[in-house]
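The values are calculated or read from the model by the stated rules, or taken from the named source; none is laboratory data. Nothing here was measured: the structure is a model prediction, and the numbers come from that model. Quick reminder, even Gly has a Cβ in these numbers, built from the backbone with ideal geometry, and neighbours come from all protein chains shown. Side chains are part of the model used for accessible areas, which takes the heavy atoms of the whole protein and leaves out ligands, DNA and RNA. Shrake-Rupley method; radii C 1.70, N 1.55, O 1.52, S 1.80 Å.
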Amino acid sequence: YYRQEITDVYYGGDVIVGAWIGNYDGGGHLLTMDIKSYPTSYADPEPEVEGPADAEVLPLFNTCNVLEMAGQNYGKLFATDSLTVTFMIDSDAASARLRYISTGHGGWGEGDEFVPKQNTILIDGKPVFTHTPWRQDCGCYRDLNPVSGNFWNGLSSSDFSRSGWCPGTATQPVYFDLSPWADGKEHTLTVAIPQGKPVEGMFSHWAVSGVLIVEY
């Protein structure tokens, strides 16, 4: 079971929810999803779930390989380049945040999955935020990984610390305040990660996503 708070990315209207499973199985996979809502008032027998009256959620980037069958590559671009997008926040915004998720994958023991790597976020070419995604509690989820590789010393491959994720649990976002750039002008946002070189035929790659949450 994976659980994640999604209130901050819902402000009314239609929402598309997708799932990507990064492994293959001859019988396929079956997913079910429950959305639990906790209205603030129960005066109405059928209360509607509403976000703030004046707010918007704008997806900025996502390198998760959700369209591999259509030829989409993995997020290997950080080996030779950085990821850059543009954004603009109205000057009358009360607050603005970047909802950021980052996980490193691949490369065996020396790859980015098992080596802490600093993520740097630059605004207009200047570094303003840093984040090193790293999970050291993966062993807590061993019971959720019954087919994980087991070793002679009693460890399981799912026990090892990883870059921002653990097998068997959801990765939670981190937030960065973008309110200082709420001036009605266009700005660039760049994500830079020192991606490792391929090791023994395995390549490292990063799944990063960014969502701009603006409240008025």
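Proximity of backbone amide H atoms, modeled 1.01 Å from N, is registered between Asn119 and His131, Thr132 at under 5 Å, excluding neighbours fewer than 5 places apart on the same chain. In this simple spin-label model, placing a label point 7 Å from the Cα along the Cα-to-Cβ direction at both Met88 and Trp20 gives a separation of 2.9 nm.
Peptides 130-136, 156-162, 13-19, 101-107 ranked from most to least packed, by the mean per-residue count of other Cβ atoms within 10 Å: 101-107, 156-162, 130-136, 13-19.
Taking Cα centre as origin and charging only the Cβ of basic (Lys, Arg, +1) and acidic (Asp, Glu, -1) residues, the dipole magnitude of the chain rounds to 960 debye. Given the alternatives (i) 87, 15, 12; (ii) 36, 16, 15; (iii) 32, 25, 15, semi-axes √(5λ) of the Cα gyration tensor in Å as computed for this entry is given by (iii). The label point for Leu155 and the one for Tyr38, both projected 7 Å from the Cα toward the Cβ, are 3.8 nm apart.
The calculated FRET efficiency for Tyr2 paired with Thr132, based on their beta-carbon distance and R0 = 25 Å, is about 0.60.
PRE reach from Asp183 (point 7 Å along Cα→Cβ): which of region 78-110 fall under 12 Å by backbone N? Once the point is set 7 Å along Cα→Cβ of Asp183, 89, 91 turn out to lie under 12 Å by backbone N, inside region 78-110. Lysine pair count for the chain with Cα-Cα distance under 23 Å and sequence separation of 8 or more or different chains is 6. For the chain, the solvent-accessible area of protein heavy atoms averages 64 Å² per residue (probe radius 1.4 Å; ligands and nucleic acids excluded). Protein heavy-atom surface of the chain, 1.4 angstrom probe: 54% of the accessible area is carbon and sulfur, with nucleic acids and ligands not counted.
Of the beta bridges in region 121-216, as assigned by DSSP with both residues counted there, near 100 percent are antiparallel. From the Cα trace of region 150-216, what convex hull volume per residue do you get, rounded to a whole Å³? Residue-normalised Cα hull volume stands at 145 Å³.
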